[in-house]
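Novice: Once you've had a glance at the structure underneath, I'll fire off some questions.
FYI, it's all coordinate maths here, none of it is from the lab. If you're wondering where the values come from, they're calculated on a predicted model, not measured in any experiment. No Cβ is skipped: glycine too gets one built from the backbone with ideal geometry, and neighbour counts run over all protein chains shown.
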Amino acid sequence: LTVISSLNKAVRGLAPVCGFQSLAVLSRRVSFSPRQVASDASFHSVSFSESDHPRVLITGGLGQLGVGLTKLFRKQFGKYNVILSDIRKPPAQVYQSGPFIYSDILDYKNLREIVVNNRISWLIHYSALLSAFGEANVSLARDVNITGLHNVLDVAVEHGLRLFIPSTIGAFGPMSPPNPTPDLCIQRPRTIYGVSKVHAELMGEYYHHRYGLDFRCLRYPGIISADSQPGGGTTDYAVQIFHDAVKTGNFVCNLRPDTRLPMMFIDDWLRATLEVLEAPAEALSMRTYNISAMSFTPEELVQEIGRHLPDLQVIYETDPVRQAIADSCPIVFDDSNARSDWGWKHNYGLPELVQTMLNFTGSNFRMLRAN
Ligand SMILES: NC(=O)c1ccc[n+]([C@@H]2O[C@H](COP(=O)([O-])OP(=O)(O)OC[C@H]3O[C@@H](n4cnc5c(N)ncnc54)[C@H](O)[C@@H]3O)[C@@H](O)[C@H]2O)c1
Ligand SMILES: C[C@@H](O)[C@H](N)C(=O)O
C-alpha cells in the first residue's frame, strides 16, 4: 500500500508536466482505484492470461437480456465461468442451470467480495431501470443507474476487469440528428434513463483514458426477444405484440402507428455483444458504438405479422410518456463505425424477425395449452 500510495503521489505530481497520456500509461501500470483512499482496498490487478477463459459476472441478469447472454457465454466459456446475479429470486430453471448469486450493485463491498472470491475478469453490467420505468421512479433510477454505475466502475478499475455497459438509443434526445444518428453528435436526452446512460458512456471512456479501464459499450436499439419479457422500456410493444397476437389475436399498442424506432432481433444482439467483448483492443477506435439492424413503425410490424396472422386486431392507445420518449429517440441508427472497426453485421431484417418470433411464440403457446 505504501508503494502504491507513493506511486499515486508521483503520478499526481507528474500530471501537469507529463500531460494526460503519461498519466494514463502510468496509472495503467499501477492499476490503482479511484477509491484508493479506502483503507481496506485491495490493489491488485488480475492478470488474466489470454489462453484462459474469462470469468464473467453479469449484474441485473434476470431481466429481458441477461439470461440469454448467460446461456451464450456459458456455451462459449464454460458453465462455471459465468455467474449470473440479480437482486431478485431466480426462477427454478435459471437457478438450476448454473451459478447464480445475489448481488445488489448499490452495495459496493458485496460487489467487490464477489469479484475477488470468484476471480472475475469480465463484468457485464446490465442492472438498470429502463426508460419508462425510470420516468415513473426517478429517484430509484438515479440510484441504480448512476450510484450503482459508480460502484461498478470502481470495482472494475480496482481489479483490472474488462467492463461492458450497454447504452441505448435513449441516450440521444430531441436535439440529436435523428436520421441517421451517428456515434458522435449532440446528446441531450430528457429522461433519467437517457441522462444516466450518457453519464455511463462518458464515465467509462474517462476511466479508460484516466486509469486504463478496458471499457466497452454498445448502444443497443430496442431488443426483440422471444423467451423473455421486457422490463419497462419504450420499445416493449414490439415484443408484447407477438405474445398477444398468438394468444388472443388482439393487441393494444401504446405508441402511435407511425413511430419509427431502431430495433434488433435477440440473436443479432447476442452476437454483437460477444463480438465486441472479444474484439482485440487495437480494433476499437472508440469505446462506445451504435449498433443497428433495422428500423420499423408499429404499423409496419402489424402489417408484417398480418401476413402470417391475418385476423390480428390492433388498436392504438398512445401512452404520452412512452410516446414522448420515442419521439426523441433516433429513427435510424448509423452503426458504420461498428461495421468497419470490428466487423459488425446483422442477419435479421423485419421479415426474418417476424417469422422467427412467430415460430417461437406460437410453438411455446401451443405447448403451454397442451400441458
Ligand atoms: N432491452 C432492451 O431493449 C435494451 C435496449 C438498450 C439497452 N438496454 C440495456 O441493457 C441492460 C439490460 O436490459 P434489460 O432489458 O435486461 O433490463 P431489465 O429491466 O429487464 O432488467 C434489469 C435488471 O436489473 C435488476 N436490478 C435493478 N436494481 C438492481 C440493483 N440495485 N442491483 C442489481 N440488479 C438490479 C432488476 O432486478 C432487473 O432484473 C440495461 O442496462 C438496459 O439499459 C436494453
Ligand atoms: C431502447 C431501450 O433502451 C429500452 N428497450 C427502452 O425502451 O427503454
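Novice: Can you bin every Cα-Cα distance in the chain into 10 Å intervals starting at zero and give me the percent of pairs per bin, rounded to whole numbers?
Specialist: 5, 23, 32, 25, 11, 4, 1, 0
Novice: Let me ask you something else. To test your reading of the geometry: what angle, between 0 and 90 degrees and rounded to tens, separates the Cα axis of helix 66-77 from the longest principal axis of the chain?
Specialist: Approximately 60 degrees, to the nearest 10.
Novice: I want to verify a result. In a Gaussian network model of the chain, Cα cutoff 10 Å, which of these has the top mean-square fluctuation: Ser103, Ser167, Ser340?
Specialist: Taking springs between Cα atoms under 10 Å, the residue moving most is Ser340.
Novice: Same structure again: Can you pick out the pairs among Lys89/Lys345; Lys89/Lys109; Lys89/Lys247 whose Cα atoms lie more than 31 Å from each other?
Specialist: Values: Lys89/Lys345 36 Å; Lys89/Lys109 21 Å; Lys89/Lys247 27 Å.
With Cα atoms farther than 31 Å apart: Lys89/Lys345.
Novice: Using Cα pairs closer than 8 Å and at least 6 residues apart in sequence, work out the relative contact order for region 169-254, in percent. Intermediate results must be reported in sequence, preceding the final value.
Specialist: Values: 66 pairs, mean separation 16.0, N = 86.
About 19 percent, as a whole number.
Novice: Still on this structure, I have one more. Please give the calculated 222 nm ellipticity per residue for the chain, where each DSSP H segment of at least 4 residues contributes -39500 (n - 2.57) and the sum is spread over every residue; nearest 500 deg cm²/dmol?
Specialist: Working: 14 runs with 169 residues, N = 371.
Calculated from helices alone, the mean residue ellipticity at 222 nm is -14000 deg cm²/dmol.
Novice: Can I ask one more? How many angstrom separate the Cα center of region 118-149 from the Cα center of region 300-354?
Specialist: Each part's Cα centre sits 24 Å from the other's.
Novice: Can you work out ³J(HN,Hα) from phi for every residue in region 259-267, in order, using Karplus 6.51 cos²θ - 1.76 cosθ + 1.60 and θ = phi - 60°, giving whole Hz and x for Gly and Pro?
Specialist: Each residue's phi maps through the Karplus curve to give 7, 8, 9, x, 9, 8, 6, 4, 5 Hz.
Novice: A further question follows. Cα extents of region 254-359 along the three principal axes, largest first, in whole Å?
Specialist: So the three principal-axis extents are 51, 32, 16 Å.
Novice: Which is farthest toward the positive dipole end of region 205-357 among Gln355, Tyr207, Ile291, measuring Cα position about the Cα centre, with Cβ charges +1 (Lys, Arg) and -1 (Asp, Glu)?
Specialist: Tyr207
Novice: Determine, from the Cβ-Cβ distance of Ser97 and Thr147 and an R0 of 30 Å, the FRET efficiency 1/(1 + (r/R0)^6), rounded to the nearest 0.05.
Specialist: Given R0 = 30 Å and the Cβ-Cβ separation, E is 0.50.
Novice: Let me ask another. Among bridges DSSP assigns within the chain, what percent are antiparallel (round to 5)?
Specialist: Percent antiparallel among DSSP bridges in the chain is about 10.
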